Structure formats: C-alpha cells, structure tokens
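The values are calculated or read from the model by the stated rules, or taken from the named source; none is laboratory data. Only a predicted model underlies this, so the values are computations on that prediction, with no experimental measurement involved. Because the Cβ atoms are built from the backbone with ideal geometry, glycine has one as well, and the counts that use them run over all protein chains shown.
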Amino acid sequence: MSVRAFLIYLFLAVPALAQGFAGLGTDAEGFAVPQPGSAIIFPRDHGPHPEYRIEWWYLTANLKGADGEDYGVQWTLFRSALAPQEKAGWDSPQLWMGHAAVTSATSHFVAERMSRGGIGQAGVTAEPFAAWIDDWRMASSAAGGVDQISKIDLSASGKEFSYKLKLDAQRPPVLQGQQGYSVKSAEGQASFYYSQPFYAVSGTLSLPGGDVAVEGQAWLDHEWSSQPLAPSQTGWDWFSFHLESGEKLMGFRLRDETGGFTSATWIAPDGTPEPQPPAALAVTPLETETVAGREVPTRWRVELPAKGFRVETRALNPEAWMATQVSYWEGPVRFEGTHAGRGYIEMTGYD
C-alpha cells in the first residue's frame, strides 16, 4: 500500500495512546481530506501536496546480480506536516524522513535520514521531478511534461552500502482504487494513490564485498492523505507482485480486531488496472519467525479467486527488519502456485 509506509507520522511526536498504528487514525482537523472524483493530474501530482498531512514516494526493486545472486532495494521519502499552512524557511511545518535498504539472502543493510522542511535539505519538485534528502536522490532524466517519472536516476548510501540505478518505465502510471482514490477502511478512510510498477532497472550496488552490476524490475508508489487509517486499525500487510506472465498485483490488508480490511488491484500487461472489490483478496500467514525479537509472518498464502490467483510467498531474507525510528519488515519475496514471480512485502504493527 505502500501501502504502504505510513511511518512518517513518527515526526508528529504521537502520544502513547494515539489511535491506529503510529497515530495514523487520529483526527485530520485543519488538513485536506481525499474526496472521490478528484482527478489526479500529471505532472502536477508527482510533486508534494502540503495541504495533506502525510505523503510518501516509495520505491522497491527486485534485482538479479551479475554474481548470480538475488537482491532487493528500497528507497523511500516520507513527508509529514505539523500544520496545514506552508511557511518559508525554518518556519516550514514540513518534516522529512528517508529510508534506504539493500537486501540479499544473507544480509540486510538499512539507513535512515531526517530533515526539517524549508531549508533545502530535503524536498520534492514536480517538474522537473526530483525527490531528495541530503545526497539521496530520485530524479527524472526525462525531457519533461507528463512523463516526469518515466525515466529515473536513483541513488542512496549508508555505512555499508550504496547504489546507483537507472529506471525506465515500460508503461504509463497506474491509478489505484477508484481512479486514484484508494479506500482504506469500511469507515471510509482513504488516500490518493498511484503506482508506476513497470520499471526496468539497471545499475550497480556497492557492498562490503565489492560492486555488483544488477538488473531487474522496480515499483514506485506515491500516496498522500491526512487520516489514512481508522482508529481501530493497528497495522498492515502490503504486497506488490511482478508476475512472470506480465501482470502485476497490488494488495493490502489493514488489520484490526475483526480481521481486517483488504483491497487489491490486478494490472494487465498493457497497464490497464482492474480494481477488485473489498474482501476479494485473501491473505493468510503460513509461517512466522522471530525477527528482531518479534513474531513476524515470513511465508504467506495470497489469493485472488476472481483471477484464479493462489500463491505462496517465500522471503529472500526473513531477517529483513527495518530497524528505523518506527520499525517494520520490508523485503523481497518469490512466489509460486497458480502463478510465479517476484515482489515485495511490507508488514507493520508487529511489535
């Protein structure tokens, strides 16, 4: 859902009794609230939406190295607003957080950056598209216009890793939900949400053992809202799948005491989205492991009966825990069953 990554509310210093995971079910008073029927317009909506409280640009990549190994890469920039009125300089209410990771079967490297808004250390522009925090950067290499995210240069680094990747989209962006209006609960919480799941990727990972040339597929989510969770929702499980047959699947479950709210979009090879009705997606944890002192599902059954889709996932590295200020599991997976392929899973609220 990237689903996925509502973690940015960390910056709001949420009190211990705040509602929903990370306080994301608290009231959105003063901020804009997503409404159905509002059109997403490119390239404008590749940029930030400061009238909304929470926003993120979230990229994951499934890669194969020249050394024959599988790798996963994450690059994320979160924006959170302390107030709905934008101001200049140090008075800006915008707060920024970046997460980056590289995952292999035997290692999981994580880095985190934080910044205040208004001083140029972090931010996003729509045209030309650029998202950055310190020297981490996701920036357009396209000529301009609506295709601002069709070609992307991506870079990040941590103490034990760095990467430089080039992304080339093979299809237009995909609007999730109802033309970009993505419902998150039976009570009506929602976000604006679109994806670019059709990137071909090439580049280099720099790891403790040396540089590795890689290529593969990537998925970018951009989402913004002000109250994306219901007060009773305690976390989520988010799935992005690249099927070997060419289709894509985005699905999520937002958990509560009754089981949770699920949503999914089936994406045809030509990029046509088919939003599925609530509860059409079924996700079942099959195996848990102790990860960072927490019991976390590391193998799942994911079913979408309307598409004859029934698979079981396997994590590339079950220890893919993001040990950041608000921690969560995020890692690459393979899946097999009626369909085969690779993807990413994000899981939050397993504390």
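Comparison of Ala169, Ala218 shows that the only residue that is surrounded by 19 or more Cβ atoms within 10 Å (Cβ to Cβ), modelled with pLDDT of 95 or more, over 18 Å from Glu55 (Cβ atoms) and under 15 Å from the mean Cα position of the chain (by Cα) is Ala218. Residues that are under 19 Å from the mean Cα position of the chain (by Cα) and of a type in the set (Lys, Arg) do occur in region 252-260. Taken together, the residues in region 270-291 that are over 21 Å from the mean Cα position of the chain (by Cα), in contact (Cβ under 8 Å) with a residue 24 or more places away in the chain and not in a strand (DSSP E or B) amount to 2.
Every condition in (1) in contact (Cβ under 8 Å) with a residue 60 or more places away in the chain; (2) in contact with a strand residue (DSSP E or B) (Cβ under 9 Å, 6 or more places away or on another chain); (3) not in a strand (DSSP E or B) holds for Gly343 except the one numbered (3). For region 109-124, does any single residue satisfy the condition of being under 30 Å from Phe31 (Cβ atoms), part of a strand (DSSP E or B) and touching a Phe, Trp or Tyr at 6+ places or on another chain (Cβ under 6 Å)? Among the residues of region 109-124, at least one is under 30 Å from Phe31 (Cβ atoms), part of a strand (DSSP E or B) and touching a Phe, Trp or Tyr at 6+ places or on another chain (Cβ under 6 Å), which makes the answer yes.
Please indicate, with yes or no, whether at least one residue in region 194-207 is of a type in the set (S, T, N, Q), in a strand (DSSP E or B), at pLDDT below 95 and closer than 21 Å to Gly47 by Cβ. No: region 194-207 contains no residue that is of a type in the set (S, T, N, Q), in a strand (DSSP E or B), at pLDDT below 95 and closer than 21 Å to Gly47 by Cβ. Among (1) among the basic types (Lys, Arg); (2) farther than 20 Å from Ala61 by Cα; (3) modelled with pLDDT of 95 or more, which single condition is Arg253 missing? Here Arg253 clears every test but (3). Would you please name the residue that is surrounded by the fewest Cβ atoms within 10 Å (Cβ to Cβ), looking only at residues in region 263-286 that are closer than 19 Å to Thr298 by Cα and in contact with a Gly (Cβ under 8 Å, 6 or more places away or on another chain)? Within region 263-286, the match that is surrounded by the fewest Cβ atoms within 10 Å (Cβ to Cβ) is Val283. Trp236 fulfils the conditions (1) crowded, with 24+ Cβ neighbours inside 10 Å; (2) modelled with pLDDT of 95 or more; (3) closer than 30 Å to Ala130 by Cα except for a single criterion, (2).
Counting only residues that are within 20 Å of Leu175 (Cα to Cα), β-branched (Val, Ile, Thr) and at pLDDT 95 or above, region 24-83 holds 4 of them. A single member of Ala126, Ala186, Ala190, Ala130 is closer than 26 Å to Ser225 by Cβ, touching a helix residue (DSSP H, G or I) at 6+ places or on another chain (Cβ under 8 Å) and surrounded by fewer than 22 Cβ atoms within 10 Å (Cβ to Cβ), and it is Ala126. Residues in region 140-156 that are surrounded by fewer than 18 Cβ atoms within 10 Å (Cβ to Cβ) and part of a strand (DSSP E or B): Lys151, Asp153, Ser155. Residue count for region 34-76 satisfying the condition of being under 22 Å from Ala213 (Cα atoms), touching a residue at least 60 places away in the same chain (Cβ under 8 Å) and out of contact with any Pro (no Cβ under 8 Å at 6 or more places or on another chain): 12.
When Leu249, Leu220, Leu207 are screened for being of a type in the set (A, V, I, L, M), within 20 Å of Val302 (Cα to Cα) and touching a residue at least 24 places away in the same chain (Cβ under 8 Å), only Leu249 passes. Give the number of residues within region 74-123 that are more than 17 Å from Asn317 (Cβ to Cβ), crowded, with 23+ Cβ neighbours inside 10 Å and of a type in the set (Ser, Thr, Tyr). Adding up the residues that qualify gives 1.
Counting the residues of region 51-73 that are within 30 Å of Trp96 (Cα to Cα) and surrounded by fewer than 18 Cβ atoms within 10 Å (Cβ to Cβ) gives 1.
If you filter region 244-262 down to residues that are surrounded by 12 or more Cβ atoms within 10 Å (Cβ to Cβ) and of a type in the set (D, E, K, R), you find that the one that is nearest to Lys184 (Cα to Cα) is Arg253. Just one of the listed residues (Ser141, Ser182, Ser155) is closer than 27 Å to Thr265 by Cα and among the hydroxyl-bearing types (Ser, Thr, Tyr), namely Ser182.
Taking each residue of region 157-182 that is at positive phi and looking for partners that are buried (at least 17 other Cβ atoms within 10 Å of the Cβ) and of a type in the set (D, E, K, R) with beta-carbon atoms closer than 7 Å, six or more apart or interchain, yields nothing.
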